[in-house]
Amino acid sequence: MSVIDGVDHSVLDAYRTCEFATIARDGTPLAWPTSPFRRPDGSLLVTTSIAFAQKALNVRRGGRVSLLFSDPTASGLSDPVQIFVQGDAVCPDEPTTSPAGLEESWSMLFFRQPSSRAYALPVVRSLTGWYYTRLLITVTPRSVSERPAGSVVLPAGALPPGSPELAQSWRRAAEAGLTGARELSGYPSCVFAARDVDGGIALARTVARPADGGYAVAAAPGVDLAEGPASVLVHRHYEKLAGLRFAVIRGRITRAVAGDWLLVPDRVIRPAGTPLQTLRACRASAARYLAARDLARPAVPWQQYRALARHPADRA
């Protein structure tokens, strides 16, 4: 029996996205929005294009990962529980372009994200082969737990959402040039990623509050964190998984007053460029991945993907 059997599969499967966290080369836990797929054996499949290989590279250096299912947008669920997973991941070096064995996963993606079907159209194939050249990350859960619906951990002194005092606090932080203030101020909550005292990745949906040259954030109840590199993620998407917006604010945490944590930021990661610039950058990034490993660009079986895209099916 897999530990994933301890949660309601219908809830897990209905979540369109989760926050998937790996550990960067410098030890910083980084979370990204992604769409995992639950396999019958209880493992979770996360796929990523070779144009966005960082998650896979992080897994190969150290396989400890975490996933937090906390944003129910488009799930059809009314106030679902959050699901937190810690596990071990592996990822082969060589990518695959074949949907064989992954048909259910691709079909689900095409159903939930209709805009992704356009990548298989003949008119854009010369620019989108990288999208179907995938690295397969398999996560074997070690522990799975549920958190109450809508769980948002508040740091001490958090101001009410929408209050004039909160807006003024963010305005002062942005005017002072605090890294990440403009990004964080546009979201009611964020996902805080840090190392726990056992070396795993702890994730919690929290509210960031400008404080002392950084941001006061809170860990999940009962979780002991270690001081050091950490980050927060904000993201949103439309009902059909289009219009993704995200930003990751990296920095270091120290213990603050009242048991909270102070994240002192040093860098923001965000999307940049026009759609055409993004396509070209992805193509170049994919080419670098293959060249670094002396791999030929694999052929994409376009007709197989077109067939899946024409008749997609949801899982939930």
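The values are calculated or read from the model by the stated rules, or taken from the named source; none is laboratory data. Being a predicted model, the structure only gives us computed values, none of them experimental. Note that each Cβ is placed from the backbone with ideal geometry, even for glycine, and that neighbours are counted across all protein chains shown.
For this structure, a couple of remarks:
- Counting the residues of the stretch 9-25 that are closer than 23 Å to THR73 by Cα and surrounded by fewer than 14 Cβ atoms within 10 Å (Cβ to Cβ) gives 2.
- Test: GLY129 is in contact (Cβ under 8 Å) with a residue 40 or more places away in the chain and not in a loop (DSSP other than H, G, I, E, B): yes
- Residues of the stretch 161-201 that are out of contact with any helix residue (DSSP H, G or I) (no Cβ under 7 Å at 6 or more places or on another chain), part of a loop (DSSP other than H, G, I, E, B) and free of Cβ contacts under 8 Å to residues at least 24 places away in the same chain: GLY162, SER163, ALA176, GLY177, ASP198.
- Of the residues making up the stretch 140-181, those that are crowded, with 16+ Cβ neighbours inside 10 Å, basic (Lys, Arg) and over 19 Å from the mean Cα position of the chain (by Cα) number 0.
- When PRO265, PRO298 are checked against the criterion of being part of a loop (DSSP other than H, G, I, E, B), touching a residue at least 24 places away in the same chain (Cβ under 8 Å) and more than 20 Å from ASP71 (Cβ to Cβ), a single residue qualifies: PRO298.
To keep it simple, each residue is scored yes or no on (1) of a type in the set (Lys, Arg); (2) within 30 Å of ALA173 (Cα to Cα); (3) crowded, with 16+ Cβ neighbours inside 10 Å.
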residue	(1), (2), (3)
VAL268	no, yes, yes
LEU276	no, no, no
CYS282	no, no, yes
TYR289	no, no, yes
LEU295	no, no, no
VAL300	no, no, yes
LEU308	no, no, yes
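- The condition (being surrounded by fewer than 17 Cβ atoms within 10 Å (Cβ to Cβ) and either more than 19 Å from the chain's Cα centre (by Cα) or in contact (Cβ under 8 Å) with a residue 60 or more places away in the chain (or both)) is satisfied by just one residue among GLY251, GLY222: GLY222.
- Residue ID - farthest from ARG250 (Cα to Cα), chosen from residues in the stretch 7-38 that are at pLDDT 95 or above and acidic (Asp, Glu): ASP13
- Selection from the stretch 88-107 of residues that are more than 22 Å from ARG288 (Cβ to Cβ) and acidic (Asp, Glu): ASP88, GLU103, GLU104
- Of all residues making up the stretch 125-177, the number that are touching a Pro at 6+ places or on another chain (Cβ under 8 Å), more than 26 Å from ARG255 (Cα to Cα) and aliphatic (A, V, I, L, M): 4
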